[in-house]
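K.L.:
Have a look at this one before I ask anything.
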Amino acid sequence: MGAGSRLRIGLVLCALAVAVAALILASPTLVRPAESDAGSRTREDVRLVTVDDHEPRLWAYTSRQKDFGTATLPMNVVVEADAATTRRVIAADADRNWTAEDPEGESVVLNGSGVAWSDTRGATRYTYVEYGEGGGRWMDETAQLHDGSYLGVRVHARLYEVTDGDQSLTVMQAHQEHWDWFRLRHTVGSVARGQYAIEHEFYGTGVVSDMRRARFGNGGASDADGWVTVVDIMDWPVPDDEFAVAGLSLGLLLVGARRATVTAALRAVAERRQATTAHAALVTIPLLTPLVIRVVAVELERAFPALSPKVIAAPCYLALAVGLPVAVGLLGRRLPADDAFTAAAVGFGAGLLLDYAYLGIAALDVGVVAHRAVLLFGLGLIAAGGVRWAETPVHRYRYRVPGILVWAGALLWPLAGL
């Protein structure tokens, strides 16, 4: 490898290292948590809230464990009805209208909102309820609903039914999230969007007597502002209904719409050298891999609803975590080190953006951006670690080994919860 090539790849590596360091320093942790930290571990240290004149006092958070010190996300919706009624109203079928009778015998039409909600799976989260002097208890979800797909992007709502004598309240925690292949779990993007989505389900249904905001003071996680939506349901029966299925994927259309991104990436690689088939392959494969895996996983989830999403996610994750670096390493053997690094990094970076565009994600935490930058750096080093066309093969191996270590470390970091 000539002095000019070594200088170019050195400059690229230094620039990436500086960018990653700046991003990490800007965030206290590699992945900034979107969840709340209550900072309290005993009942005496936490504040409970009430809704109107209802007796139960509520802890306005969910928790990973039956412990106040493991708080996650804040509650953001309270419906003055039982969980079954709340579930049916939220999941109104958009293709037809319901007809019910109010207490005076008048016919009322209940309109669907056009959103396809369905039952879903999710990690168990607990909340705490206290009844007067009778003490409190921990409870898990009564139901979980989502609009979207488990392995794509969705609005996810957890419902907790709290009894108050002959009446019931449904306390909800709703948020928007997406499946993160590199963390193997969901990343919360917005609590406010989840709250707005639930509010929208009640507008115009004909069963709401009042909707207002109440101050719970549980903001601070993600974009939560501490205000909770309180919904009063009129006192008449709500008919049951079936859940709809999510619509068709837009993945292939987005691939066509992003053709300019592929062209720009190839042009950047070919600025110093005429692009070859190896250049094109080393850009295109990392570019398409994240989106293809996402679309395949989502479509399999929809085709086999009885199958656990994690069973589908396992082979998809192996294709991304192992198959992609192996393919990039093999393709990199046909190019000089600096060309291979640039092509793989540009292609994978554009592929991550394409995947987020498919999910409709417009903003990311600084920590997530830093994590993806580390992955780009590692994959680029793996691509630069081929042995062909190298004047001194040992220098090429010096790229591959650090690249594998960086890639593996970036994958293990969030999985280990660090």
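Please treat every number below as a calculation from the coordinates, not as lab data. Everything numeric in this text was worked out from a predicted model, so none of it was measured. When we count neighbours, we look across all protein chains shown, and the Cβ atoms used for this are built from the backbone with ideal geometry, even at glycine.
K.L.:
For an R0 of 56 angstrom, estimate the FRET efficiency from the Cβ-Cβ distance between residue 326 and residue 166 and round to the nearest 0.05.
P.N.:
Result of the calculation: an efficiency of 0.35.
K.L.:
Going by average Cβ density within 10 Å per residue, which order do the peptides 325-332, 407-414 take, highest to lowest?
P.N.:
325-332, 407-414
K.L.:
So, one more: Using the Karplus equation 6.51 cos²θ - 1.76 cosθ + 1.60 (θ = phi - 60°), what ³J(HN,Hα) coupling, rounded to whole Hz, does each residue of the stretch 147-156 give in order, writing x for Gly and Pro?
P.N.:
So the J values, rounded to whole Hz, are 10, x, 10, 4, 9, x, 10, 7, 9, 10.
K.L.:
Can you give the net charge of the other residues whose Cβ lies under 12 Å from the Cβ of residue 165, counting K and R as +1 and D and E as -1?
P.N.:
Within the 12 Å Cβ shell, the charges total -4.
K.L.:
Please list, ordered by chain and number, the residues whose modelled amide H lies under 5 Å from the amide H of residue 152; skip anything fewer than 5 residues away on the same chain.
P.N.:
179
K.L.:
Each residue of the stretch 78-89 in order: what ³J(HN,Hα) in whole Hz does its phi give by Karplus 6.51 cos²θ - 1.76 cosθ + 1.60, θ = phi - 60°, with x for Gly and Pro?
P.N.:
Residue by residue, the stretch 78-89 yields 10, 10, 7, 6, 6, 5, 5, 5, 4, 4, 5, 5 Hz.
K.L.:
Contour minus end-to-end for residue 276 and residue 44, with contour as 0.36 nm per residue of separation and end-to-end as the Cα-Cα distance?
P.N.:
Result for the pair: 76.7 nm of gain on full extension.
K.L.:
Tell me which residues come under 5 Å, amide H to amide H, from residue 143 once H is placed; ignore anything under 5 positions away on its chain.
P.N.:
159
K.L.:
With a ≥ b ≥ c the root eigenvalues of the C-alpha gyration tensor of the stretch 43-233, is it rounded (a/c under 1.5), prolate (a/b larger than b/c) or oblate?
P.N.:
Oblate.
K.L.:
What number comes out for the charge environment of residue 211, summing +1 per Lys or Arg and -1 per Asp or Glu over other residues with Cβ under 13 Å away?
P.N.:
Summing Lys and Arg as +1 and Asp and Glu as -1 gives -3.
K.L.:
Calculate, in nm to one decimal, what residue 138 and residue 84 gain on full extension: separation in residues at 0.36 nm each, minus their alpha carbon distance.
P.N.:
17.4 nm
K.L.:
Convert each backbone phi in the stretch 162-172 into a coupling constant with the Karplus relation 6.51 cos²θ - 1.76 cosθ + 1.60 (shift: θ = phi - 60°), then list the ³J(HN,Hα) values in order as whole Hz, x for Gly and Pro.
P.N.:
Listing the rounded values in order: 10, 8, 9, x, 7, 9, 9, 10, 10, 8, 10 Hz.
K.L.:
Could you pull out every residue, at least 5 positions away or on a different chain, whose amide H is within less than 5 Å of the one on residue 189? Hs are placed 1.01 Å off N in the peptide plane, and Pro or chain starts have none.
P.N.:
Under 5 Å from the amide H of residue 189 lie the amide H atoms of 176, 177, 178, each far enough along the sequence or on another chain.
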